[in-house]
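The values are calculated or read from the model by the stated rules, or taken from the named source; none is laboratory data. This structure is a prediction, so every number in the text was calculated from the model and none was measured. Note that we place each Cβ from the backbone using ideal geometry, even for glycine, and neighbour counts take in every protein chain shown.
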Amino acid sequence: MKYQWLPWSEDRQVQQLRQHQVGRNLLSKLVPTPLAYHALGQPYLPAQPQAGVSITHSRSLVYVAVAPGAIGIDVEAVRPRDFSKLQHAFTPTEWDFLQALAPSLQLTWAWRLWTAKEAVLKLVGCGLTRRPQQVAVNVPTSLTAHFQHHDYQLHVLPTPPGYCGTLALPITVTA
């Protein structure tokens, strides 16, 4: 896994182009093979179809991750947001957990839950084409999540101050 800062631009198109270019550049340093995208935008390596690839960016930060199998990552800048308008993104258990927190912790935890949900949705290849509420994060530990009859292991990404991120991996059961 690698990450890189990039210059901030007020122009959204310029920023997205930079994020895309930096993501591809970082990925080429990890795996020097061509990158392609599935119909819903999930990156993959045609030369290594079993490998998992995930790219995420928020503001001036870009992360890429490659694994032998499926992987999902998401990073977000912890910025003020009225999460009451996004209550529909959380399960009732998650929402109750957020509401029970001290106000000073709610914002960080809301973003932490959000990145966990998005990391799982990226791992399975659908991204935000599915409702985030369909991913149930096990609170308060946030070590696992459940989506469509499967469980996923969650890891907090090491991020710079002001950001939070999650890496999601499938939980494999061996006999």
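Per-residue answers, yes or no, for (1) among the basic types (K, R); (2) modelled with pLDDT of 85 or more:
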{"residue": "K2", "(1), (2)": "yes, no"}
{"residue": "L17", "(1), (2)": "no, no"}
{"residue": "G41", "(1), (2)": "no, no"}
{"residue": "P46", "(1), (2)": "no, yes"}
{"residue": "S54", "(1), (2)": "no, yes"}
{"residue": "A65", "(1), (2)": "no, yes"}
{"residue": "V75", "(1), (2)": "no, yes"}
{"residue": "P80", "(1), (2)": "no, yes"}
{"residue": "H88", "(1), (2)": "no, yes"}
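Among the residues of the stretch 49-77, those that are over 17 Å from L154 (Cβ atoms), surrounded by fewer than 20 Cβ atoms within 10 Å (Cβ to Cβ) and in contact with a strand residue (DSSP E or B) (Cβ under 9 Å, 6 or more places away or on another chain) comprise A51, R59, S60, V66, P68, A77.
Table: residues versus (1) closer than 30 Å to A39 by Cβ; (2) touching a Ser or Thr at 6+ places or on another chain (Cβ under 7 Å); (3) modelled with pLDDT of 95 or more.
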| residue | (1), (2), (3) |
| --- | --- |
| P92 | no, no, yes |
| W95 | no, no, yes |
| T108 | no, no, no |
| R131 | yes, no, no |
| A136 | yes, yes, yes |
| T144 | yes, no, yes |
| G165 | yes, yes, yes |
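Every test in (1) on the phi > 0 side of the Ramachandran plot; (2) of a type outside the set (S, T, N, Q); (3) not assigned by TED's automatic domain parsing to the domain that holds E10 is passed by F90 save one, and that test is (1). Given the criteria within 18 Å of the chain's Cα centre (by Cα), touching a residue at least 24 places away in the same chain (Cβ under 8 Å) and within 22 Å of C126 (Cα to Cα), does S54 qualify? Yes: the conditions hold for S54. Would you confirm, using the coordinates I've provided, whether R112 is within 17 Å of the chain's Cα centre (by Cα), exposed (fewer than 15 other Cβ atoms within 10 Å of the Cβ) and either not in a strand (DSSP E or B) or not β-branched (V, I, T) (or both)? Taking the combined requirement at face value, the residue does not satisfy it.
Matching residues to (1) in the same structural domain as H38 (by TED's automatic domain parsing); (2) more than 18 Å from D82 (Cβ to Cβ); (3) in contact (Cβ under 8 Å) with a residue 12 or more places away in the chain; (4) surrounded by 15 or more Cβ atoms within 10 Å (Cβ to Cβ):
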site	(1), (2), (3), (4)
A119	no, yes, yes, yes
L123	no, yes, yes, yes
T129	no, yes, yes, no
P132	no, no, yes, yes
T159	no, yes, yes, yes
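Pairing each residue of the stretch 15-36 that is under 16 Å from Q4 (Cβ atoms) and polar (S, T, N, Q) with any residue that is modelled with pLDDT of 85 or more and outside any helix (DSSP H, G or I), provided the two are 6+ apart or on different chains, yields C-beta distances under 6 Å for Q19/H57; Q19/V62. Do the conditions hold for Q153, that is, is it in contact with a strand residue (DSSP E or B) (Cβ under 6 Å, 6 or more places away or on another chain), over 20 Å from H20 (Cβ atoms) and either assigned to a strand (DSSP E or B) or free of Cβ contacts under 8 Å to residues at least 60 places away in the same chain (or both)? Yes.
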